[in-house]
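Here the structure is laid out as structure tokens; the discussion comes afterwards.
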């Protein structure tokens, strides 16, 4: 049975990865799960320098979901390389590094730094974080800026580039196409949805940042639709994500056109989820007599 | 750190809204250090996704216990669960209290409400017995007083309504004791943030070391979601550190309370 898939030049042993920001730098989960059973480890977003992040409260639980406004707290490129890379580079599975900046030049510089590090599996361009004032979603919701970021990173690295898309657009197709045309090898669909919750006792927003990004099972049907629309618009592979809790959820994404998937918020409450998805996917294929996971990709039937 | 399915041995009301949960957790129990916590997934809580963190109260062989207050969706559902039912637990988690060395400092413990639960193992494992100061609004908020006395500790109770012990705040009773200026003491505290801030101020005033167990909203419990951050001094300034993995216990001098005000 073949579970392996390709993201650009990168081969994943199975299509199950984790979503940036929900898995730290991998090492935090190493006592709870065997990281080498994943398709890839995807680390939290990193810009050039350290980032303090937003004041708390930073997350709030909502019905079947979670809202967050962390503000991309992180150690910066040097801090990451010093603290986390020695562990990650020893893993048998690839590490995908999520990067961001506040200017096109910063994205390219971070990409260049990780290109020269050696051993990185792929770079995921975060052009879609809803919780920072500068950078993030400002690039992912403007076709021209999106193209500039992807093209600038393309110039400095041969590593596979995965563009993480914003869901906060009227139609995802032109953005997906722009990322593909600018040289992106794949798309991650998608980042969290801009959202808001209010504490009616205090009349204050539940998050200190006022608004946040919504994730978790409640967003899955919206994510499936975005993957389906993007898959019709581009030829490059898509990593689908949004509320995956089970193999059945992951298979929906594959059928909608995703080549791989990422488990996100579920990592916070059920650390075994990603490995359960791998096992469940294998079981589903066995039951249906499917020998190659690629046969599931985009296999949705919409005709009569 | 271990993830395991644990079975409820008992789950009984203590006083008022407080409950005592005992679970069989043979992999987690032997590993528990004072001040650590367990992160619990409550299966009937279907649409509320996150685990709930609880200080570990007592450990006995393969079982551990939790003393909790029914304060929301999670604890309400938990309070209805019965012996034999199962929970998913990750633990023990966090950086706990430093147990004083033999012939080391005499511990003075300061607890607000169910903060008392987080201090029990420290009292049990400390080579020196000390004094525990416990405060609450009413008599029913004073928990496990008898258990601390049974360990041979002196317990000084304060209630805001004066229904039990001395009337007033727990920090008033602590201040009265600190004024005796006996040497070789160390403070350990767990309770609401205003109480912890007051204990921190008293520790600074009387030049005593203090360890504070901070209680913040938590997401993953293992250091990745960055929900439970608190401002901690670093270099010339401060940075956000995680209550779940860098804490929950911090040296009082390291907490940069002013950064959040």
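Key figures for this structure:
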read-out: Number of positions in segment B:1-22 that are away from every other protein chain (no Cβ under 14 Å), more than 21 Å from residue B:217 (Cβ to Cβ) and not in a loop (DSSP other than H, G, I, E, B); value: 10
read-out: Selection within segment A:267-289 - free of Cβ contacts under 8 Å to residues at least 40 places away in the same chain and either buried (at least 17 other Cβ atoms within 10 Å of the Cβ) or in a helix (DSSP H, G or I) (or both); value: A:269, A:270, A:273, A:276, A:279, A:280, A:283, A:284, A:287, A:288
read-out: Selection count, segment B:101-130, where residues are under 20 Å from residue B:57 (Cβ atoms) and surrounded by fewer than 19 Cβ atoms within 10 Å (Cβ to Cβ); value: 3
read-out: Options A:71, A:65, A:79; residue that is within 14 Å of chain B (Cβ to nearest Cβ), more than 19 Å from residue A:40 (Cβ to Cβ) and surrounded by fewer than 19 Cβ atoms within 10 Å (Cβ to Cβ); value: A:79
read-out: Sole exception among (1) more than 8 Å from chain B (Cβ to nearest Cβ); (2) closer than 18 Å to residue A:216 by Cβ for residue A:22, by number; value: (1)
read-out: Sole exception among (1) farther than 30 Å from residue A:53 by Cα; (2) in contact with a strand residue (DSSP E or B) (Cβ under 8 Å, 6 or more places away or on another chain) for residue B:207, by number; value: (2)
read-out: Options A:50, A:86; residue that is free of Cβ contacts under 8 Å to residues at least 60 places away in the same chain and facing chain B (nearest Cβ under 9 Å); value: A:50
read-out: Any hit, segment A:126-135, residues being surrounded by 18 or more Cβ atoms within 10 Å (Cβ to Cβ) and on the phi > 0 side of the Ramachandran plot; value: yes
read-out: Candidate set from segment B:23-43 (those that are surrounded by 20 or more Cβ atoms within 10 Å (Cβ to Cβ) and in a strand (DSSP E or B)); member that is farthest from the other protein chains (Cβ to nearest Cβ); value: B:23
read-out: Filter result for residue B:193 (without any contact (Cβ under 8 Å) to a residue 40 or more places away in the chain, within 22 Å of the chain's Cα centre (by Cα), surrounded by fewer than 19 Cβ atoms within 10 Å (Cβ to Cβ) and within 14 Å of another protein chain (Cβ to nearest Cβ)); value: yes
read-out: Single residue of segment B:202-227 satisfying the filter (assigned by TED's automatic domain parsing to the domain that holds residue B:249 and more than 20 Å from the chain's Cα centre (by Cα)) that is surrounded by the most Cβ atoms within 10 Å (Cβ to Cβ); value: B:225
read-out: Residue under evaluation residue B:186, criteria (1) part of a loop (DSSP other than H, G, I, E, B); (2) touching a residue at least 40 places away in the same chain (Cβ under 8 Å); (3) out of contact with any helix residue (DSSP H, G or I) (no Cβ under 8 Å at 6 or more places or on another chain), criterion not met; value: (1)
read-out: Selected residue (only one of A:41, A:27 is surrounded by fewer than 21 Cβ atoms within 10 Å (Cβ to Cβ), over 26 Å from residue A:206 (Cα atoms) and within 14 Å of another protein chain (Cβ to nearest Cβ)); value: A:27
read-out: Those residues of segment A:91-111 which are free of Cβ contacts under 8 Å to residues at least 60 places away in the same chain and crowded, with 16+ Cβ neighbours inside 10 Å, in sequence order; value: A:97, A:99, A:100, A:101, A:102, A:104, A:106, A:107, A:108, A:111
read-out: Strands (runs of 3 or more DSSP E) (entirely within segment B:203-261) containing at least 1 residues that are in contact with a helix residue (DSSP H, G or I) (Cβ under 8 Å, 6 or more places away or on another chain) and more than 11 Å from chain A (Cβ to nearest Cβ); value: B:210-213, B:229-234
read-out: Filter result (away from every other protein chain (no Cβ under 14 Å) and closer than 15 Å to residue B:6 by Cα) within segment B:45-75; value: B:54, B:56, B:59, B:60, B:61, B:62, B:63, B:64, B:65, B:66
read-out: Test: residue in segment A:46-57 that is surrounded by fewer than 24 Cβ atoms within 10 Å (Cβ to Cβ), outside any loop (DSSP other than H, G, I, E, B) and touching a strand residue (DSSP E or B) at 6+ places or on another chain (Cβ under 9 Å); value: yes
read-out: Some residue of segment B:64-80 being part of a loop (DSSP other than H, G, I, E, B), in contact with a helix residue (DSSP H, G or I) (Cβ under 9 Å, 6 or more places away or on another chain) and either crowded, with 16+ Cβ neighbours inside 10 Å or assigned by TED's automatic domain parsing to the domain that holds residue B:137 (or both); value: yes
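Quick grid of which residues meet (1) over 29 Å from residue A:64 (Cα atoms); (2) modelled with pLDDT of 95 or more:
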{"residue": "B:7", "(1), (2)": "no, yes"}
{"residue": "B:18", "(1), (2)": "no, yes"}
{"residue": "B:23", "(1), (2)": "no, yes"}
{"residue": "B:38", "(1), (2)": "no, yes"}
{"residue": "B:48", "(1), (2)": "no, no"}
{"residue": "B:51", "(1), (2)": "no, yes"}
{"residue": "B:64", "(1), (2)": "yes, yes"}
{"residue": "B:74", "(1), (2)": "no, no"}
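The values are calculated or read from the model by the stated rules, or taken from the named source; none is laboratory data. Here the structure is a predicted model, which means the values were calculated and not measured. Glycine gets a Cβ as well: all are built from the backbone with ideal geometry, and neighbour counts include every protein chain shown.
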